[in-house]
Amino acid sequence: MALRKLVAGNWKMNGTRAALGEIAAIEAAAAGAAGIDVAICPPFTLIAAAGQQVSKVAIGGQDCHHAAKGAHTGCIAATMLADLGARYVIVGHSERRTDNGEDDAQVRAKAEAGIAAGLIAIVCVGETEGERDEGRAGSVVGAQLDGSVPPAATAAQLVVAYEPVWAIGTGRTPSLDDVAEMHALIRAKLLAILGQEGAGVRILYGGSVKPDNAAALMAIADVDGALVGGASLTAAQFAPIIEAAAGA
Ligand code: 13P
């Protein structure tokens, strides 16, 4: 089953108000892309202002706390993202798993908080280079999914992003065969966790997606879009990736 593709940009800790012009330019590029969804997840500080620049493009957060409110200095609740008009929240990105020591249970709690707030949770998984070299990529990603995917989620509430840690920001990507194998494994695991809802969950590939490899990646079965870091920061780089998804 071909699912509606989603191209999401993760700006990470990049962008001040000076970058709002790029959001407007990305909106202009996305407006012509029929039949796909496009999202940008800027830093929290830009979510409200970014929302003013878009109609076709949805805005998302890059993380949320698992609690709805409370004494958690410096944290952001999913309800706060929804209050600003965000539609998505990324949870379990490898940079948060590494930098902030987040484990699968925390990632699942965050995804559940996002869903409870009416957001679509983008749950990230992916193996390290060492794990792949040891032949453990599939088992590592499978275990991450078992621990991180909310078992009651519907297809409309959940997106999974497969981001091999060693492909993020490196210019390296797995072979197309390796991507196909992993996305098939993820689909099977989602069906096992979610039943038939798992057939409708979009599975994004992330890690050094660029204008020159986007079309080939998105032509792979069960690659239902992309989660893009560096190349989402400018409309010049992101627009061709949006076009590749629309043409796939
Ligand atoms: P790059 O596209 O910069 O490799 O980053 C991928 C990523 O981590 C998106 O979440």
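The values are calculated or read from the model by the stated rules, or taken from the named source; none is laboratory data. All figures in this text were calculated on a predicted structure; none of them were measured in a lab. With ideal geometry, Cβ positions are generated from the backbone for all residues, glycine too; neighbour counts draw on all protein chains shown. Accessible surface is based on the protein model in full, side chains and every heavy atom, while ligands, DNA and RNA are left aside. Shrake-Rupley method; radii C 1.70, N 1.55, O 1.52, S 1.80 Å.
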Check: How big is the charge dipole of the chain about its Cα centre, in debye rounded to the nearest 20, if each Lys and Arg gets +1 on its Cβ and each Asp and Glu gets -1 on its Cβ?
Finding: 640 debye
Item checked: Approximate spin-label separation residue 136-residue 45, in nm, with each point projected 7 Å along Cα-to-Cβ -> 3.9 nm
Check: Can you give me the relative contact order of the range 40-158 as a percent, contacts being Cα pairs under 8 Å and 6 or more apart?
Finding: 23 percent
Notebook entry, point to check: Can you pull the percent of the range 177-241's accessible area that's carbon plus sulfur, 1.4 Å probe, other chains left in place?
Noted result: 55 percent
Margin query: Rolling a 1.4 Å sphere over the protein heavy atoms, what is the accessible area per residue of the chain, to the nearest Å²?
Written below: 41 Å²
Check: What fraction, in whole percent, of alpha-carbon pairs in the range 93-147 exceed 16 Å separation?
Finding: 47 percent
Next item on the list: For every other residue with a beta carbon closer than 10 angstrom to the beta carbon of residue 165, add +1 if it is Lys or Arg and -1 if Asp or Glu, then tell me the sum.
Entry: -3
Notebook entry, point to check: Using a 1.4 Å probe on the protein chains only, how many percent of the accessible area of the range 88-128 belongs to carbon and sulfur?
Noted result: 43 percent
Next item on the list: Averaged over every viewing direction, what's the projected area of the C-alpha convex hull for the range 190-231? Give it in nm², one decimal, please.
Entry: 3.2 nm²
Check: If each of residue 116 and residue 55 carries a label point 7 Å out from its Cα toward its Cβ, how far apart are those two points in nm?
Finding: 3.5 nm
Check: What residues of the range 213-248 lie in the reach of a label at residue 24, counting those whose backbone N is under 15 Å from a point 7 Å from the Cα along Cα→Cβ?
Finding: 235
Checklist line | Over the range 114-248 - Rg/Rh using Cα atoms and the Kirkwood inverse-distance radius | finding: 0.96
Check: In deg cm²/dmol, rounded to 500, what helix-only [θ] at 222 nm does the chain give when every DSSP H run of at least 4 residues adds -39500 (n - 2.57) and the total is split over its residues?
Finding: -11000 deg cm²/dmol
Next item on the list: Report the extension gain between residue 172 and residue 128 in nm, rounded to one decimal, defined as 0.36 nm multiplied by the number of residues separating them, less their alpha carbon distance.
Entry: 14.6 nm
Next item on the list: Return the long-range amide H neighbours of residue 37 (sequence gap of 5 or more, or a different chain), with a cut-off of under 5 Å between placed amide H atoms.
Entry: 5, 6, 7
Next item on the list: Round to a whole angstrom and tell me the spacing of the C-alpha centers of the range 76-135 and the range 152-221.
Entry: 15 Å
Notebook entry, point to check: With no solvent and one point on each alpha carbon, what is the Debye value of log10 I(q)/I(0) for the range 1-136 at q = 0.11, 0.20 Å⁻¹?
Noted result: -0.43, -1.18
Checklist line | Accessible-area value, residue 120, 1.4 Å probe, nucleic acids and ligands omitted, Å² | finding: 30 Å²
Check: Taking only C-alpha pairs under 8 Å that are 6+ residues apart, what is the relative contact order of the range 85-224 in percent?
Finding: 23 percent
Margin query: Principal axis extents for the chain, Cα atoms only, whole Å, descending order, please.
Written below: 44, 44, 33
